[in-house]
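Asks: Have a look at this one.
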Amino acid sequence: MGAIGVFRSLRGFNYRVWIIGAFVSNIGTWIQATAQDWLVLTRLTHHDASAVGIVLGLQFGPQFLLLPWTGGAADRLNQHKLLMVTQAVMGTLALGLGLLTVAGVVRLWQVYVFAFLFGSAAAFDAPVRQTFVAELVGDGDLHNAVSLNSTSFNLARMIGPAVSGVIIADGGTGWAFLANGVSFAAVVMSLGFLRLGDLDPHARVTRAKGNFIEGLRYVRGRPDLIAILAMLFLFGTFGLNFPIFISTMAVTVFHADARGYGVLSSVMAVGTVAGALFGAGRREAGFGSLLAGAGVFGIGCTLAALAPGYWWFAGALVVMGAATLTFTNTTNSLMQLSTEPAMRGRVMALRVGVALGGTPIGAPLIGLVADRFGPRWALGVGAASGFAAAAVGVYAAVRLKRGAVFAAGTRR
């Protein structure tokens, strides 16, 4: 497929405006993520990977804890207005943490509090941001738009960590947080510029008790969705702990400085961008991509754990990045396109909650393994999660003949 097919969602004015604002904000997000890990690992603790794991757990735990409300909000409320609120709240929180850090009064417990508050806002933001894409482009280009969103996010991942490393080295971590806070203005402005009359809103559900339970019942009757969620839980809980993997390998194994740490995060984005562009060029999402993504991720983690040097490790991160985006983008497209529009918010909230809600379990455990046995063993746990997710996928495909069901779902 040519370049026009890969970028076909950009033909729409609203999607172009949205993705520009999101790209600027995503750069800020990666600037802060890198600075936050560095602050906790090297300034507020003495290379304590468990503390980094606790921060991750607090930041992503709300994705699961708030599930009864986040999915219903995405299905029931005006998505455009809800995004304006969540983005503004997250920007304000980033500015607050930045001011505390610049003033030199930040403490570890404060980082914990801000991580939880930021995660709570993100829990409401994530499902509506994912389903809002369908309002921007329609179901026909949804898989392409999801992949281009990931491309934007991971192009920012190539830029943000490297910029963050420079900011930290020259000015300190506080200025990185402030830069992220300012970057949220871009996505809020882009939302303000959208042509609301061109949006394609799906049916909204009425506010009623049991809406969340209704969503669970819907998923319970769909073995295909249950299989994806089981794979996501394994992958997300024990595999998606890159801040711990990269920071501990950079600091304790390769003895890199802030710039070296930022470069590793940016190098990983090369793989994620490649995976996202590959997905954007495909017309349909397939269950086979889930199996490939999970299995290759396990291989990438194994290579990273065995890497004899800094650049060998960087090369393994490229493989891990490509596999991660192949897996996560496919779950996004498959679950949205095979779900009734009125149920998408709740189903996508459940997807995010399962993928990230296990972080309070997995991240502290991965951090503990890194502290007690070394970061290479932590990567070994990540490898096992990829292989386990692939095994679940193979079982589901054979036992339930999922290939035909998923293919049919993507053509709905």
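The values are calculated or read from the model by the stated rules, or taken from the named source; none is laboratory data. This one's a predicted model, so the numbers in the text were calculated from it and none came from an experiment. Note: ideal-geometry Cβ built from the backbone for every residue, glycine included; neighbour counts use all protein chains shown. Accessible surface areas use protein heavy atoms only, side chains included; no ligands, DNA or RNA. Shrake-Rupley method; radii C 1.70, N 1.55, O 1.52, S 1.80 Å.
Asks: Does segment 375-394 hold any residues that are farther than 17 Å from Thr331 by Cα and either free of Cβ contacts under 8 Å to residues at least 60 places away in the same chain or among the hydroxyl-bearing types (Ser, Thr, Tyr) (or both), and which are they? Reasoning before the result, please.
Replies: Within segment 375-394, the subset farther than 17 Å from Thr331 by Cα is 375-384.
Hits for segment 375-394: nothing passes.
Asks: Okay, moving on. Given Leu136, Leu155, which one is more than 20 Å from Ala51 (Cα to Cα) and more than 15 Å from the chain's Cα centre (by Cα)?
Replies: Every option except Leu136 fails the conditions.
Asks: Given (1) within 16 Å of Leu136 (Cβ to Cβ); (2) modelled with pLDDT of 90 or more, identify the lone condition not met by Arg8.
Replies: Against the list (1) within 16 Å of Leu136 (Cβ to Cβ); (2) modelled with pLDDT of 90 or more, Arg8 comes up short only on (2).
Asks: May I ask you to say which residue of Leu44, Leu39 is under 27 Å from Ile366 (Cα atoms) and open to solvent by 10 Å² or more (accessible area, probe 1.4 Å)?
Replies: Leu44
Asks: While we're looking at this one, here's another question. I'd like the residue in segment 261-278 that is open to solvent by less than 10 Å² (accessible area, probe 1.4 Å) and not polar (S, T, N, Q) and, out of all such residues, is modelled with the lowest pLDDT.
Replies: Ala276
Asks: For segment 361-388, name all the residues that are open to solvent by less than 30 Å² (accessible area, probe 1.4 Å), of a type in the set (Gly, Ala, Ser) and in a helix (DSSP H, G or I).
Replies: Scanning segment 361-388 gives Gly362, Ala363, Gly367, Ala370, Ala378, Gly382, Ala383, Ser385, Gly386.
Asks: Quick one: which of Thr42, Thr92 is in contact (Cβ under 8 Å) with a residue 12 or more places away in the chain, over 30 Å from Val146 (Cα atoms) and part of a helix (DSSP H, G or I)? Walk me through how you get there before you give the answer.
Replies: Working: Thr92 fails: over 30 Å from Val146 (Cα atoms).
From the options Thr42, Thr92, the qualifying one is Thr42.
Asks: Out of all the residues in segment 147-160, is one or more without any contact (Cβ under 8 Å) to a residue 40 or more places away in the chain and under 26 Å from Ser265 (Cα atoms)?
Replies: Looking through segment 147-160, none of the residues is without any contact (Cβ under 8 Å) to a residue 40 or more places away in the chain and under 26 Å from Ser265 (Cα atoms).
Asks: Let me ask something additional. Among the numbered criteria (1) part of a helix (DSSP H, G or I); (2) open to solvent by less than 60 Å² (accessible area, probe 1.4 Å); (3) over 30 Å from Gly197 (Cβ atoms); (4) touching a residue at least 24 places away in the same chain (Cβ under 8 Å), which one does Leu10 miss?
Replies: Checking Leu10 against (1) part of a helix (DSSP H, G or I); (2) open to solvent by less than 60 Å² (accessible area, probe 1.4 Å); (3) over 30 Å from Gly197 (Cβ atoms); (4) touching a residue at least 24 places away in the same chain (Cβ under 8 Å), the one that fails is (3).
Asks: Among the candidates Gln87, Gln63, Gln79, Gln59, which residue alone is over 24 Å from Phe177 (Cβ atoms) and crowded, with 21+ Cβ neighbours inside 10 Å?
Replies: Exactly one residue qualifies, and that residue is Gln79.
Asks: Output the residues belonging to segment 165-194 that are open to solvent by 30 Å² or more (accessible area, probe 1.4 Å) and touching a Phe, Trp or Tyr at 6+ places or on another chain (Cβ under 6 Å).
Replies: Ile167
Asks: Follow-up. If you scan segment 101-139, which residues turn out to be in a helix (DSSP H, G or I), open to solvent by 50 Å² or more (accessible area, probe 1.4 Å) and of a type in the set (A, V, I, L, M)?
Replies: Of everything in segment 101-139, those that are in a helix (DSSP H, G or I), open to solvent by 50 Å² or more (accessible area, probe 1.4 Å) and of a type in the set (A, V, I, L, M) turn out to be Val102, Val113, Leu117.
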